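Visitor: Can you read through this structure? Questions will come right after.
The values are calculated or read from the model by the stated rules, or taken from the named source; none is laboratory data. Note that this is a predicted model, so its numbers are computed, not measured. Counting neighbours? That spans all protein chains shown, and the Cβs are built from the backbone with ideal geometry, glycine included. The area values use the complete protein model at the heavy-atom level, side chains included, leaving out ligands, DNA and RNA. Shrake-Rupley method; radii C 1.70, N 1.55, O 1.52, S 1.80 Å.
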Amino acid sequence: DIQMTQSPSSLSASVGDRVTITCRASQSISSYLNWYQQKPGKAPNLLIYAASSLQNGVPSRFSGSGSGTDFTLTISSLQPDDFAAYYCQQGYDSPWTFGQGTYVEIK
Amino acid sequence: EVQLVESGGGLVQPGGSLRLSCGASGFSLSNFGVNWVRQAPGKGLEWVSYISSSGTTIYYADSVKGRFTISKDTAKNSLYLQMNSLRAEDTAVYYCARGSTMVRGVLKPYFDYWGQGTLVTVSS
């Protein structure tokens, strides 16, 4: 199975900050990397697919980059609505695995 | 509007069985593959199972293989997960999620629509 490792596991940031979350795959997954946001008690919401494609309706302050084994999710200017958990997921090979999550908290 | 609505969760004893349902609207299960993804309390996400639009391709996570069975009824546009021999570690919120992107004929999914989830608790 492909292991997905996110860092950091949690971070504290202020509104307006630039936030970067990284995700590393245990083997190359080309660009088959997706990012989700999840708020407490809610289902995950797709933000980015294929490493850098913004899902319809997602604000442009979210962006993704990377290929191979190393990927990044960036929030250019953190907004109050962005405090949540973020997960990466590889779509390269079954079983489709997720990272352990990064919890973005208010500073 | 695409919607997925799960039902069927509840409390079950270890070794017991439960059948989850997921009703889809706004799209046809005949045209899209769908998945079950679960999340144990306070934990991360774990993909569980996938069924293709035709129903001919099915995948399971090793953790549920031989115990869970995914199926669908295209006439009812509904997805199911039959869960047998349940264990405490199967306790989780179970989500159905649409996801069946094909790249040059190979499945490379992302999950673009999710239901609200249904809680399964396995405990005596």
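Visitor: If you take the square roots of the eigenvalues of the alpha-carbon gyration tensor of the range A:4-55 and sort them as a ≥ b ≥ c, do you get rounded (a/c under 1.5), prolate (a/b over b/c) or oblate?
Guide: prolate
Visitor: Could I ask something else about it? If you build the Cα gyration tensor of the range B:53-112 and take the root of 5 times each eigenvalue, what three semi-axes come out, in whole angstrom, biggest first? If you can, show how the numbers build up before the last one.
Guide: Values: eigenvalues 102, 44, 28 Å².
Over the Cα atoms of the range B:53-112, the semi-axes work out to 23, 15, 12 Å.
Visitor: Convert 37 °C to kelvin, take the viscosity as 0.692 mPa s, use the Kirkwood radius over C-alpha pairs of chain B as Rh, and evaluate the Stokes-Einstein diffusion coefficient in µm²/s, rounded to a whole number. Write down the numbers at each step before the final one.
Guide: Working: Rh = 14.5 Å.
D, rounded to a whole number, is 227 µm²/s.
Visitor: Suppose every K and R has +1 on its Cβ and every D and E has -1 on its Cβ; what is the size of the dipole of chain A about the Cα centre, in Debye to the nearest 20?
Guide: For this selection, approximately 180 debye.
Visitor: In debye, nearest 20, what is the charge dipole magnitude of chain B about its Cα centre with +1 on Lys and Arg Cβ and -1 on Asp and Glu Cβ, if you could check?
Guide: Here the size comes out at about 220 debye.
Visitor: Which loop chymotrypsin sites (Phe, Trp or Tyr not before Pro) in the range A:11-69, with loop taken from DSSP, have no more than 14 other Cβ atoms within 10 angstrom of their Cβ?
Guide: In loop regions of the range A:11-69 (DSSP not H, G, I, E or B), there are no sparsely surrounded chymotrypsin sites (Phe, Trp or Tyr not before Pro).
Visitor: Please report how many Lys pairs in the protein assembly as shown have alpha carbons closer than 23 angstrom, counting only residues at least 8 apart along the chain or sitting on separate chains.
Guide: 8
Visitor: Taking all protein chains in place and a 1.4 Å probe, what share, in percent, of the accessible surface of the range B:30-95 do carbon and sulfur account for?
Guide: On the way: 1310 of 2810 Å².
For the range B:30-95, the apolar C and S fraction of the accessible surface comes to 47 percent.
Visitor: Pick from B:Val103, B:Val93, B:Val34: which is most flexible by mean-square fluctuation in a GNM of chain B where alpha carbon atoms under 10 Å apart are linked?
Guide: Comparing B:Val103, B:Val93, B:Val34 in a Gaussian network model of chain B, the most mobile one is B:Val103.
Visitor: Of the candidates B:Leu11, B:Leu20, B:Leu81, which one comes out as most mobile in a Gaussian network treatment of chain B with C-alpha springs shorter than 10 Å?
Guide: B:Leu11
Visitor: May I ask which residue of A:Pro80, A:Thr102, A:Ile48 lies farthest towards the positive end of the charge dipole of the range A:25-107, with charges of +1 (Lys, Arg) and -1 (Asp, Glu) on Cβ and the Cα centre as origin?
Guide: So the residue we want is A:Pro80.
Visitor: Can you pull out the buried accessible area for chains B and A, both sides counted, probe 1.4 Å, rounded to the nearest 100 Å²?
Guide: What B and A bury together is about 1700 Å².
Visitor: Further question: Would you work out the charge dipole size for the protein assembly as shown about its Cα centre, treating the Cβ of every Lys and Arg as +1 and the Cβ of every Asp and Glu as -1, and quote it to the nearest 20 debye?
Guide: Here the size comes out at about 200 debye.
Visitor: Something else about it: With every protein chain kept in place and ligands, DNA and RNA left out, what is the accessible area per residue of the protein assembly as shown? Probe 1.4 Å, answer in Å².
Guide: 45
Visitor: Can you tell me the FRET efficiency between A:Gln79 and A:Asn56 if r is taken as the Cβ-Cβ distance and R0 is 25 Å, rounded to the nearest 0.05?
Guide: 0.85
Visitor: Assuming 0.36 nm per residue, please report the length gained on full extension of the stretch A:Ala13 to A:Ser94 beyond their Cα-Cα distance. Mind showing how you got there, number by number?
Guide: Numbers: separation 81, 0.36 × 81 = 29.16 nm, distance 3.45 nm.
The span from A:Ala13 to A:Ser94 would gain 25.7 nm if fully extended.
Visitor: Taking every Cα atom in the protein assembly as shown, find the radius of gyration and the maximum pairwise distance Dmax, and write them in Å.
Guide: 17.4, 50
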